[in-house]
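See structure below.
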Amino acid sequence: MNVLVLGANGYTGSRLVKALIERGHRVRGLAREIEYGIALEKVGMELRVGDVRDEVSLKNIADDIEIVFNVVASCRIEPSESKAILIQGAQNLFRHADRTVLKKYIWCSNVSVYGYPKATDRLTESSALKPTYRLGKITVDAENLARESVPAVAVRVASVYGPERDFLAALRENRLRLLNGGENWQSRIHVDDLVETLIAAMERAQPGSVYLAADDLPVMQRKFFEEICAATGTMLPLNLEVNAARAVGVFGRAMNSLSGQQQYQLSENVIGLLTGNYYCLNDQMKKELGVKLKYPTFREGYRAILGKG
């Protein structure tokens with residue numbers, strides 16, 4: 001297959017590129033800066049430098065492309081930037097897509113489309129979309145745009161973790177806080193399992209379909225950190241009320257603006273994702289795509305990260 005990966009240099013994208021090349025696919029990857037893509041170019045990726053928000057940089061990007069993976073990150077930034085990436089960026093790409101060749105557009109959506117579910121809710125692909133914070137509303141619009149424009153497959157991704165995205169350094173340095181005491185459900189998926197899910201979607205998903213990408217064990221946020229702290233000998237993060245977190249976010253925005261930085265951690269997007277009840281069921285991912293999780297729960301995943309697996 002001729003494959004295009006948008007966000008090729010990112011946490012998930014770089015692993016996806018390598019897995020596709022190992023399977024014999026021809027991969028073209030978009031990276032925002034040339035230095036971010038050089039390592040992937042060395043393993044066989046055709047490097048293109050550009051930004052989905054800059055249509056000029058996408059000229060000829062989709063020539064001969066049969067499969068597009070869009071794994072451009074958008075969850076940890078401001079809603080205005082999320083919209084530019086998810087909506088305007090997709091529109092820019094679709095204007096360059098050759099629909100006579102393109103078979104599937106597979107993109108990493110997210111669980112914000114469900115808004116703030118109740119603690120008793122069990123989320124599936126057919127659960128009602130009730131976006132409340134901005135990321136969710138933008139993501140629903142992006143899903144609809146893709147479905148109307150190209151043969152799209154939406155993979156709604158739970159919280160992604162893995163090596164170098166494991167909270168361990170932040171726990172040791174006491175930089176984490178439990179928002180509202182961590183009394184909410186969260187679903188997770190190891191990055192390796194997410195890559196396998198995306199490739200399975202390429203191979204077996206039907207255009208127009210939706211999948212939740214999550215492991216087998218949703219867990220209360222507080223319980224998750226209790227287990228990780230016990231395994232690592234670190235202290236449980238202190239509590240931070242959501243209103244106080246919003247104030248911290250506003251302060252961080254002001255300070256980062258003064259220093260010329262564009263991103264900061266406690267955006268409304270991040271607060272929404274960290275405090276929502278996202279108890280995700282993965283039956284459809286396993287039954288229809290045939291995904292067999294290497295890390296069925298965070299316990300196996302963290303044993304591997306800690307070198308105890």
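Just so you know, all these numbers are worked out from the coordinates, no wet-lab data involved. In this text the structure is predicted, and so the values were computed from the model without any measurement. FYI the Cβ positions are ideal-geometry reconstructions off the backbone, even for glycines, and counts take in every protein chain you see.
By its C-alpha gyration tensor, with a ≥ b ≥ c as the square roots of the eigenvalues, how is the stretch 1-76 shaped: rounded for a/c under 1.5, else prolate for a/b larger than b/c, else oblate?
rounded
Which residues does a label at R165 reach in the stretch 278-303, if reach means a backbone N under 16 Å from a point 7 Å past the Cα toward the Cβ?
Residues passing the 16 Å test: 295, 298, 301-302.
Place +1 on the Cβ of every Lys and Arg and -1 on the Cβ of every Asp and Glu in the chain, take the dipole about the Cα centre, and give the residue among P117, S149, T197 whose Cα lies farthest towards its positive end.
P117
Please report how far the C-alpha centroid of the stretch 1-76 lies from that of the stretch 172-231, rounded to the nearest whole angstrom.
Each part reduced to its Cα centre gives a spacing of 24 Å.
Determine one quarter of the surface area of the Cα convex hull of the stretch 109-150, which equals its mean projected area, and express it in nm² to one decimal.
Across all orientations, the stretch 109-150 yields a mean hull projection of 3.0 nm².
Pop out the Kirkwood hydrodynamic radius of the stretch 2-136 from its pairwise C-alpha distances, inverse of mean 1/r, in Å to one decimal. Before the final figure, lay out the partial values.
Working: mean 1/r = 0.0631 Å⁻¹.
Roughly 15.8 Å, rounded to one decimal.
Work through the residues other than M220 whose Cβ is under 13 Å from its Cβ and net out their charges, Lys, Arg +1 and Asp, Glu -1.
Values: positive: R188, R222, K223; negative: E183, E226, E227.
Here the count lands on 0.
What is the local net charge at E300, summed over the other residues whose Cβ is closer than 15 Å to its Cβ (Lys, Arg +1; Asp, Glu -1)?
In short, -1.
Dipole of the stretch 96-197, Cα-centred, from +1 at each Lys and Arg C-beta and -1 at each Asp and Glu C-beta, to the nearest 20 debye?
My answer is approximately 280 debye.
So what is the calculated 222 nm ellipticity per residue for the chain, using -39500 (n - 2.57) for each DSSP H run with n of 4 or more, over all residues, to the nearest 500 deg cm²/dmol? Mind dumping the intermediate values first?
On the way: 12 runs with 122 residues, N = 309.
Result for the chain, helices only: -11500 deg cm²/dmol.
Mind telling me which of S82, S149, S187 comes out most flexible in a GNM of the chain, alpha-carbon contacts under 10 Å?
Sorting by GNM fluctuation, first place goes to S149.
Apply the a/c threshold of 1.5 to the C-alpha gyration tensor of the stretch 131-213 and tell me whether it is rounded, prolate or oblate.
Oblate.
Under 11 Å from the Cβ of E288, count the other residues' Cβ atoms, weight Lys and Arg +1, Asp and Glu -1, and hand me the total.
Overall, the nearby charge balance is +1.
So for the chain, Kirkwood radius off the Cα pairs, Stokes-Einstein at 4 °C and 1.567 mPa s: how many µm² s⁻¹? Could you put the intermediate results ahead of the total?
Numbers: Rh = 20.0 Å.
Taking Rh from Cα pairs, D becomes 65 µm²/s.
Per the Cauchy relation, a quarter of the hull surface: what is the mean projected area of the convex hull of the alpha carbons in the stretch 107-260, in nm²? Intermediate results must be reported in sequence, preceding the final value.
Details: hull surface 44.4 nm².
Average of the hull's projected areas for the stretch 107-260 equals 11.1 nm².
Just to verify a number: FRET efficiency for K59 and T124, C-beta to C-beta distance, R0 = 51 Å, to 0.05?
Details: r = 40 Å, r/R0 = 0.78.
After rounding, the FRET efficiency stands at 0.80.
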